[in-house]
Amino acid sequence: MTVPCYAQEDQNIEVEPSSEVFLEEYTDKFQEAFFEALKQKGIQNYDRAANLLLECKQMDPENTVVDHELARVYLLEKQFTYAKAHAIEAVVSEPENYWYLNTLLEILDNSSNTVEGIRNSIPYENELLQQNLALIYFNTAKYSQALSLLDNLKAVEFAKRLERKIKDSLSAMEKPDKQPSTLRSEQPAMDDPLKGYKENLEQLLTEKEFHAAAELAKEAKEAFPLQPFFYYAEGVALVKLDKYKEATGTLEEGLELLIDDTSLENKFYKELSTAYTALGDLPKANMYLNKIKTGS
């Protein structure tokens, strides 16, 4: 970028500020605002985070990462209309990005909308987008929707592999020998494996079978990596097994996935406070303790 030149009165020389210097200043402002937005989001100051991200959007309107972060923040604020608009913009810009599509589906689920309702607003016919959509359906136990997509995919090998994984997941949930021997509850219904995992984990934690709970929680996370309860269950088991460092990592990872569940959020904070206290990190322990919302 070149700005107008000015001749100095006393010296016949022209001063032309470097475009590289301007770009560096611009980049610094953008990065400062962007990373401050992430920080504000992390401490749940969502209004401030959104405003900073909007500043970034003004500086770089085509930046897809900013649109995705705005979608995440507005989702956390339950401003679903704004969240959906920015999520769609991110998906349109990068239709093959799994996480952008995943965020859009989270927003649609939380606002009682469907992919069919916004199908014309995104590049739905993109082959990789459809593969990602099928994977997201699989990871959230929407097996019928996943299977219906597989019928029309051109990527035949991908479709076959995912179909096998769906069938294997359903079969695994039906076989008693796949569950710890301490479980006495009924095996989860074929059409509701999420519920089955949750009930079995709750039972194991109640019975203080923490080794079995940790193992089952890992299995549940592999099948459903976007379900925060499974991270909480594993975190609790790890705390009880005195594996505090592992517990903090698992719990903080699960906390990132949590949306609109104050009761479970408080449980996460309590376990994190316990784990960090055991590790001797009292500032972090107190930080999480202070986050617990009373009256919930």
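Given (1) among the charged types (D, E, K, R); (2) touching a residue at least 12 places away in the same chain (Cβ under 8 Å); (3) more than 22 Å from LEU70 (Cβ to Cβ), identify the lone condition not met by GLU157.
For GLU157, the failing item is (2).
Return yes when GLN130 is touching a residue at least 12 places away in the same chain (Cβ under 8 Å) and out of contact with any strand residue (DSSP E or B) (no Cβ under 9 Å at 6 or more places or on another chain) and no when it is not.
On the way: touching a residue at least 12 places away in the same chain (Cβ under 8 Å): yes; out of contact with any strand residue (DSSP E or B) (no Cβ under 9 Å at 6 or more places or on another chain): yes.
In short, yes.
Exactly one condition in (1) at pLDDT 90 or above; (2) out of contact with any Leu (no Cβ under 9 Å at 6 or more places or on another chain) is not met by SER296; state its number.
With (1) at pLDDT 90 or above; (2) out of contact with any Leu (no Cβ under 9 Å at 6 or more places or on another chain) applied to SER296, the lone miss is (1).
Hey, any hits in the range 281-296 for a residue that's crowded, with 18+ Cβ neighbours inside 10 Å and closer than 30 Å to ARG164 by Cα? Walk me through it before giving the result.
To start, the set of residues in the range 281-296 that are crowded, with 18+ Cβ neighbours inside 10 Å comprises 285, 288.
Going one step further and asking which of them are closer than 30 Å to ARG164 by Cα, we end up with none.
Within the range 281-296, not a single residue is crowded, with 18+ Cβ neighbours inside 10 Å and closer than 30 Å to ARG164 by Cα.
Would you say LEU162 is at pLDDT 75 or above, part of a helix (DSSP H, G or I) and not assigned by TED's automatic domain parsing to the domain that holds LEU251? Talk me through it step by step, then tell me what you get.
On the way: at pLDDT 75 or above: yes; part of a helix (DSSP H, G or I): yes; not assigned by TED's automatic domain parsing to the domain that holds LEU251: yes.
So LEU162 passes the test.
Select from the range 76-90 the residues that are surrounded by fewer than 22 Cβ atoms within 10 Å (Cβ to Cβ) and aliphatic (A, V, I, L, M) and write down the one among them that is modelled with the lowest pLDDT.
LEU76
May I ask you to say which residue of ALA247, ALA275 is surrounded by 20 or more Cβ atoms within 10 Å (Cβ to Cβ), modelled with pLDDT of 90 or more, under 19 Å from the mean Cα position of the chain (by Cα) and small (Gly, Ala, Ser)? Step through it out loud before you land on a result.
Values: ALA275 fails: under 19 Å from the mean Cα position of the chain (by Cα).
So the residue among ALA247, ALA275 that is surrounded by 20 or more Cβ atoms within 10 Å (Cβ to Cβ), modelled with pLDDT of 90 or more, under 19 Å from the mean Cα position of the chain (by Cα) and small (Gly, Ala, Ser) is ALA247.
The values are calculated or read from the model by the stated rules, or taken from the named source; none is laboratory data. The shown structure was predicted, so the numbers you read here are calculated from the model rather than taken from an experiment. Note: ideal-geometry Cβ built from the backbone for every residue, glycine included; neighbour counts use all protein chains shown.
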